[in-house]
Amino acid sequence: MTLRARLANRPRIALILGSGLAPLESLVTVESRIAYADLDGFPAAGVSGHAGEVISGTLAGVPVCLLSGRAHFYETGNAAAMRPALEALRDAGIDTVIQTNAAGAVNPAMEPGDVMLIEDHINLAGANPLTGTLSDRRFVDMTNAYDPALGARLLDAAEALGIALHAGVYAWFAGPSFETPAEIRMARRLGADAVGMSTVPETILCRYLGLKVVAASVITNLGAGLGDTPLSHAQTQQAAPIGGAKLAAILQKAVPEM
Ligand code: HPA
């Protein structure tokens with residue numbers, strides 16, 4: 001079944017939930033839930049902590065569809081794993097994709113529980129989801145890939161709420177192993193503020209498909225070597241709800257302005 005045929009309403013905005021951010025689901029007044037397994041092209045649910053479903057409903061009165069769980073490059077080595085799902089969003093009339101993720105801090109000004117607007121990214125994974133795409137549209141302009149006007153909505157909302165929202169550069173590492181301390185030092189020198197294992201391929205695909213992107217990271221840990229807490233997926237999931245609650249409040253206020 002196509003996504004378009006299954007949605008309860010006609011949303012313009014889709015929200016992709018990152019690891020440990022399932023609590024953001026509570027933002028949405030649910031009209032229907034559709035398992036990825038019932039949707040053409042959607043990924044098989046693979047990552048622990050995600051239901052693998054599309055939730056159709058409203059957020060602060062605005063029709064949205066929420067993707068609980070994404071396919072990651074580290075699951076299969078396919079950077080384009082989310083391409084069919086993003087094409088389905090476009091075909092369903094979505095024009096804006098809000099991405100969320102859990103990330104490690106490399107900027108010493110950030111700590112676990114903080115939230116960061118992604119203003120730009122660095123692709124350190126050595127993969128691109130458009131590899132093999134034939135049309136010349138594959139040469140996507142990545143200037144302002146993260147929509148500055150939509151990002152400003154999030155910053156304005158955060159300020160109005162008195163929530164500190166950092167803004168910075170997200171570096172994509174392939175994973176699934178975490179970075180080494182030397183890689184974290186490298187990422188900092190290259191200009192990254194946060195590191196993670198997602199989001200970047202989806203941003204490239206969205207821009208290819210003509211979808212606007214706004215993205216935010218929830219900081220769950222200090223990058224390897226910067227702190228004492230051992231890194232694990234359990235630690236990520238356990239720490240994500242702290243920043244997740246801040247991000248939820250920001251989105252609740254910002255989405256009606258988008
Ligand atoms: N590195 C990569 N991905 C992550 C991290 C990290 O430190 N924390 C949460 N996701």
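The values are calculated or read from the model by the stated rules, or taken from the named source; none is laboratory data. None of these values were measured; they are calculated from a predicted model. All Cβ positions, glycine included, derive from the backbone under ideal geometry; neighbour counts span all protein chains shown. For accessibility, only protein heavy atoms count, side chains too; no ligands or nucleic acids. Shrake-Rupley method; radii C 1.70, N 1.55, O 1.52, S 1.80 Å.
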(request) Let me know the shape class of region 176-239, please: from the alpha-carbon gyration tensor, a ≥ b ≥ c as square roots of the eigenvalues, rounded when a/c is under 1.5, otherwise prolate if a/b is greater than b/c, or oblate. (result) prolate
(request) Please compute the net charge surrounding Ala102, taking Lys and Arg as +1 and Asp and Glu as -1 over other residues with Cβ under 15 Å from its Cβ. (result) -3
(message) Per residue, how large is the accessible surface of the chain? Use a 1.4 angstrom probe and give square angstrom.
(response) 41 Å²
(message) Given the options Thr76, Thr58, Gly126, identify the residue whose Cα lies farthest towards the positive end of the charge dipole of region 48-155 (+1 on Cβ of Lys, Arg; -1 on Cβ of Asp, Glu).
(response) Thr76
(request) Springs between alpha-carbon atoms under 10 Å, Gaussian network over the chain: tell me which of Leu15, Leu161, Leu205 tops the mean-square fluctuations. (result) Leu161
(request) Mind listing the long-range amide H neighbours of Ala60? Cut-off is under 5 Å, sequence gap 5 or more, other chains count too, H placed in the peptide plane at 1.01 Å from N. (result) Thr29
(request) Report the trypsin sites (Lys or Arg not before Pro) located in region 6-76 that are in a DSSP loop and have at most 15 other Cβ atoms inside 10 Å of their Cβ, or state none. (result) Arg12
(request) Could you tally the net charge around Glu31, taking each other residue with its Cβ under 12 Å from the Cβ of Glu31, Lys/Arg +1 and Asp/Glu -1? (result) +3
(request) Label region 217-258 by shape, choosing from rounded, prolate and oblate, from the square roots a ≥ b ≥ c of the eigenvalues of the Cα gyration tensor; if a/c is under 1.5 it is rounded, and otherwise prolate applies when a/b is larger than b/c, oblate when it is not. (result) prolate
(message) Once each part is reduced to its C-alpha centroid, what is the distance from region 174-202 to region 78-155 in angstrom?
(response) 15 Å
(request) Tell me the label-point distance for the pair Thr2, Ala160, using the 7 Å Cα-to-Cβ offset, in nm and rounded to one decimal. (result) 3.6 nm
(message) Solvent-accessible area of Asp91, probe 1.4 Å, all protein chains present, reported in Å² to the nearest ten, please.
(response) 90 Å²
(request) Please compute the net charge surrounding Ala167, taking Lys and Arg as +1 and Asp and Glu as -1 over other residues with Cβ under 9 Å from its Cβ. (result) -2
(message) Please report the carbon-and-sulfur percent of the accessible area for the chain; probe 1.4 Å, protein heavy atoms only, DNA, RNA and ligands left out.
(response) 51 percent
(request) With an 8 Å cut-off on Cα pairs and a minimum separation of 6 or more residues, tell me the relative contact order of the chain in percent. (result) 27 percent
(request) Enumerate the calculated ³J(HN,Hα) couplings along region 106-114 in order (Karplus 6.51 cos²θ - 1.76 cosθ + 1.60, θ = phi - 60°), each rounded to whole Hz, writing x wherever the residue is Gly or Pro. (result) 10, 7, x, 6, 10, 9, x, x, 7
